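This report refers to the structure that appears directly beneath it.
Read the figures in this text as sums done on the coordinates, not as results from a lab. Nothing here was measured: the structure is a model prediction, and the numbers come from that model. Don't worry about glycine lacking a Cβ; one is built from the backbone with ideal geometry, like all the others, and counts go over all protein chains shown.
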Amino acid sequence: MQVFTIAVHGGSGTIIKEDMTPEGEQVHIEGLGKALAIGYRILEKGGSSLEAVEAAIISLENNIHFNAGRGSVFTKKGRQEMDAAIMDGRTLDAGAIAGVRNIRNPIQLASAVLHHSPHVFLSGDGADEFAQQQNIATEEDAYFFSQFRYDQWLSICDSDDYALDHSKKNIDALTIDKKMGTVGAVACDMEGNIAAATSTGGMTNKQFGRIGDTPIPGIGTYANNATCAISCTGHGELFIRSVAAYDVSCLMEYRGVSLHEAMNIVVNDKLVKIGGEGGMIGVDAKGNAALLFNTAGMYRGVKSSSGLNETAIYR
């Protein structure tokens, strides 16, 4: 019988239990669990992996505690610029958007690109124009405001430094407590089709329309029924240089290694050698899942028809 599985992540980095309040731990675990439940329910009813990952990401984008959608961080200009991508492992179709503003759920816009555009990747004003044509929901700036995110931005907005997500108050920006803020989902459905989706608000105080790995197919997001579906979280520049998600697929296709082994090579060997911090989640077409990271923690969860059901934060 085909095993169906969904896995999600909410970012990786220097996530240490001693630094986490019980309330903070609870809201993150609950957020991951809700996203898992929503995606799993779709798979359980015979829905597609593509539908499941989009729904799971929407749940995480609507949660202000994660750096995507509503919880997106502030750029150098004091606003939100969001990136997202989604990919169908059955067809290799993909949709991606970057640098969009005021989009309630960026993953829905990426999905609209996949389903209704002849292109793969739209950015900036053009992506916003396409969103209007597709009647994608938008929100005023106030919807995306978080006092915590705003205070974090204020602490470094007069410098050229950036933060990879939450930072401790009164800490030097150059020795910041790093949490790579991204949300992602991967799934395998009852038909053995797999899909991946990723969404992010990027880096606090980022400049010049910076785009990370998240929306780039083959880098932060990739899905191919023949190999795997991958969603990454980490320091995007290093993941871009490593072609991280596709590298996992290549190891599986050309070397014949398992999903877990391929992810382990990329996360704990190739990325580490170039200073690439972060992690990734993955599934294959048999419903196997792996959640690997080389940082102190990664917000993560997995649920499968084989009985697997867990959420975790720390190593």
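If packing is taken as the average number of other Cβ atoms within 10 Å across a peptide's residues, how do 288-297, 189-198 rank, most packed first?
Output ranking for 288-297, 189-198: 189-198, 288-297.
Compare the peptides 214-226, 138-150 by average per-residue count of other Cβ atoms within 10 angstrom and give them in order, highest first.
214-226, 138-150
Output the Cα-based Rg and Dmax of region 187-275 in Å, rounding Rg to one decimal and Dmax to a whole number.
Gyration radius and largest Cα-Cα distance of region 187-275: 13.5, 43 Å.
In the neighborhood of D125, defined by Cβ-to-Cβ distances under 13 Å, what is the net charge if each Lys or Arg adds +1 and each Asp or Glu adds -1? Could you put the intermediate results ahead of the total?
On the way: positive: R101; negative: E81, D128, E129.
Result for the neighbourhood of D125: -2.
State the number of lysine pairs found in region 5-314 whose Cα atoms come within less than 19 Å, restricting to pairs 8 or more positions apart or on distinct chains.
Here the count comes out as 24.
Tell me, what HN-Hα J-couplings in whole Hz come from the Karplus equation 6.51 cos²θ - 1.76 cosθ + 1.60 at θ = phi - 60° for each residue of region 73-86, using x for Gly and Pro?
7, 8, 7, 3, 8, x, 9, 9, 10, 10, 10, 7, 8, 9
Which value results for Rg/Rh of the chain when Rg is the Cα radius of gyration and Rh the Kirkwood radius based on the inverse mean 1/r?
0.94
Rounded, prolate or oblate: which fits region 244-315, taking a ≥ b ≥ c as square roots of the Cα gyration tensor eigenvalues, rounded meaning a/c under 1.5, else prolate when a/b beats b/c?
It is oblate, given that a/c is not under 1.5 and a/b is not larger than b/c.
Provide the packing ranking of 77-86, 243-252, i.e. peptides ordered by the mean count of other C-beta atoms within 10 Å per residue, highest first.
Final packing ranking: 77-86, 243-252.
When the helices in the chain are scored as -39500 (n - 2.57) per DSSP H run of 4 or longer and the sum is shared across all residues, what 222 nm value do you end up with, to the nearest 500 deg cm²/dmol?
Here the helix-only value at 222 nm equals -8000 deg cm²/dmol.
With the cut-off at 1.5 for a/c, could you classify region 52-122 from its C-alpha gyration tensor as rounded, prolate or oblate?
oblate
Taking amide H positions as placed 1.01 Å from N in the peptide plane, with prolines and chain starts having none, which residues 5 or more places from I15, or on another chain, fall under 5 Å of its amide H?
So I15 has HN proximity to A296, G297.
Shape of region 1-134 from its Cα gyration tensor (a ≥ b ≥ c, root eigenvalues): rounded if a/c is under 1.5, otherwise prolate when a/b > b/c, or oblate?
Note, shape of region 1-134 comes out oblate.
Convert each backbone phi in region 224-236 into a coupling constant with the Karplus relation 6.51 cos²θ - 1.76 cosθ + 1.60 (shift: θ = phi - 60°), then list the ³J(HN,Hα) values in order as whole Hz, x for Gly and Pro.
Calculated HN-Hα couplings, in order: 8, 3, 6, 9, 7, 10, 10, 10, 9, 8, x, 6, x Hz.
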